[in-house]
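Novice: Structure incoming, see below.
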Amino acid sequence: MSLINTNKHIVIIAHSLAEFQSALKNYTTSESIIGLVPTMGALHEGHASLIRSAKESCDFVIVTVFVNPTQFNNAEDLSAYPKTEKQDVELLKSLACDLVFFPSYEDIYPSDYKFPGINLGFLDQTMEGSLRPGHFQGVCQVVYRLFQLTKPTKAFFGLKDFQQVSVIQYMTNHFQLPIEIIPCKTSRNENGLALSSRNLRLSETQKTEALILHKTLIQAYKNAFSLTPLEVKKNAEQTILESPLKLEYVEVVNPITLENLEDKWCSNARMCIVAYAGEVRLIDNMEIRE
Ligand code: PAF
């Protein structure tokens, strides 16, 4: 275990489960409000904003950094996933995070550990679920285990992965876990591009092209005052098809069930978009009806 004293604050870095558990025991009590920000590393301003939110409402903030193999359905994606531990630790120091845990595969998946499994129903059959079979089972498997190890009061997730937040909320309710799931607003750059570690792979031209996503979402928000969900979706599809991006899908969905909306609006209806700029898969979403 290493303790980094940043003048004002001590950041504890744990590289094994034993170190992590001893830090948790020594630095928290049963009264502590523990905030968890689970990540896969390659941290950027989007993660920083989750950590800031956690710092605002929790006494003790844990960040986990684990690239979870069970949520990747493509071995190349997994091996290409950036590992930037040094920079991550620097950022976490600057954010005065309390405990950082870099678990090993065996810490997360010891041979005697078995995830109870969960039937996610339609949440896993639409959008990312239908395109990435097994992805959300893998996300539930790792998040369930991280919840078990960290016992957080609150857990913070970015709304950029809107479907992931819906799945995690569903899992938390399903297992009646006493954890408050806090969805956090998508962080964007000054032009509206949703922050993602994948943005590093975009050329300057592609960065400009990628702004179409945010513009399309804003237009959808405006259109939602006068058009049906299906009409708003068709308009958005058209905009992206006419742009340099390659459209994968646009859906207008009920924010809880993720069912597609066609004729009637529901509160907090959401538009979810996925499109490619070159080889880079971009994902974005926005609430388009209050
Ligand atoms: O959003 C992510 O980075 C991952 O899916 C998560 C929640 C850390 C689980 O591996």
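Since every read-out is calculated from the coordinates, none of them should be taken as a lab result. Worth saying up front: this structure is predicted, and the values here are computed from it rather than measured. Every residue, glycine among them, receives a Cβ derived from its backbone with ideal geometry; neighbour counts consider all protein chains shown.
Novice: Hey, what number do you get for the chain at 222 nm if only DSSP H runs of n ≥ 4 count, each worth -39500 (n - 2.57), divided across all residues, to the nearest 500?
Specialist: The helix contribution divided over the chain gives -11500 deg cm²/dmol.
Novice: Pulled fully out, how much extra length does the chain show between Ser111 and Ser267, if you take 0.36 nm times their separation in residues and subtract their Cα-Cα distance?
Specialist: So the chain would gain 51.7 nm between Ser111 and Ser267.
Novice: Give me the number: length gained by fully extending Leu227 to Gln176, i.e. 0.36 nm times residue separation minus the C-alpha to C-alpha distance, one decimal in nm.
Specialist: 14.5 nm
Novice: Taking every Cα atom in region 169-221, find the radius of gyration and the maximum pairwise distance Dmax, and write them in Å.
Specialist: Rg and Dmax of region 169-221, Cα atoms, are 16.2, 47 Å.
Novice: Rounded, prolate or oblate: which fits region 1-71 when a ≥ b ≥ c are the square roots of the eigenvalues of the alpha-carbon gyration tensor, with rounded for a/c under 1.5 and prolate only if a/b beats b/c?
Specialist: rounded
Novice: Over region 241-290, with a single point scatterer placed on each C-alpha, what log10 of the ratio I(q)/I(0) does the Debye formula yield at q = 0.15, 0.20, 0.32 1/Å?
Specialist: Summing over Cα pairs of region 241-290 leads to -0.44, -0.68, -1.14.
Novice: I've got another one for you. Fully extended, how many nm does the chain gain between Arg281 and Asp59 (0.36 nm per residue separation, minus their Cα-Cα distance)?
Specialist: Taking 0.36 nm per residue and subtracting the Cα distance, the gain is 76.3 nm.
Novice: Now a separate question. Treating the beta-carbon of each Lys and Arg as +1 and of each Asp and Glu as -1, no other charges, what is the dipole magnitude of the chain about its Cα centre, to the nearest 20 debye?
Specialist: Roughly 360 debye, rounded to the nearest 20.
Novice: Classify region 132-290: rounded, prolate or oblate, from the alpha-carbon gyration tensor (a ≥ b ≥ c, eigenvalue square roots; a/c under 1.5 rounded; otherwise prolate if a/b is larger than b/c)?
Specialist: Judged from the Cα gyration tensor, region 132-290 comes out oblate (a/c at least 1.5, b/c at or above a/b).
Novice: Could you work out how far apart the two model spin labels at Arg52 and Lys185 are, taking each label as a point 7 Å from the Cα in the direction of the beta carbon, and quote it in nm?
Specialist: In this crude label model, Arg52 to Lys185 measures out at 1.0 nm.
Novice: Could you give the dipole magnitude of region 1-112 about its Cα centre, charging the beta-carbon of Lys and Arg +1 and that of Asp and Glu -1, in debye to the nearest 20?
Specialist: Here region 1-112 has a charge dipole of around 360 debye.
Novice: May I pose another question? Using a 10 Å cut-off on Cβ atoms, rank the peptides 216-229, 197-210 from the highest mean neighbour count down.
Specialist: Taking the mean over residues of other Cβ atoms within 10 Å, the ranking is 216-229, 197-210.
Novice: Which distance in nm do the two modelled labels at Leu131 and Lys83 give, with both placed 7 Å along the Cα-to-Cβ direction?
Specialist: Reported label-point gap for Leu131 and Lys83 is 2.8 nm.
Novice: Taking region 1-148 on its own, what percent of its Cα-Cα pair distances exceed 28 Å?
Specialist: 23 percent
Novice: What's the angle, to the nearest 10 degrees (0 to 90), between helix 135-150's Cα axis and the longest principal axis of the chain?
Specialist: Around 30 degrees separate the two axes.
Novice: Based on the Cα gyration tensor of the chain, what are the three equivalent ellipsoid semi-axes, each the root of five times an eigenvalue, rounded to whole Å and given largest first?
Specialist: The three semi-axes for the chain are 34, 21, 18 Å.
Novice: Does anyone have the angle between helix 229-241 and the longest principal axis of the chain? Alpha-carbon axes, 0 to 90°, nearest 10?
Specialist: Here the helix axis deviates by roughly 90 degrees.
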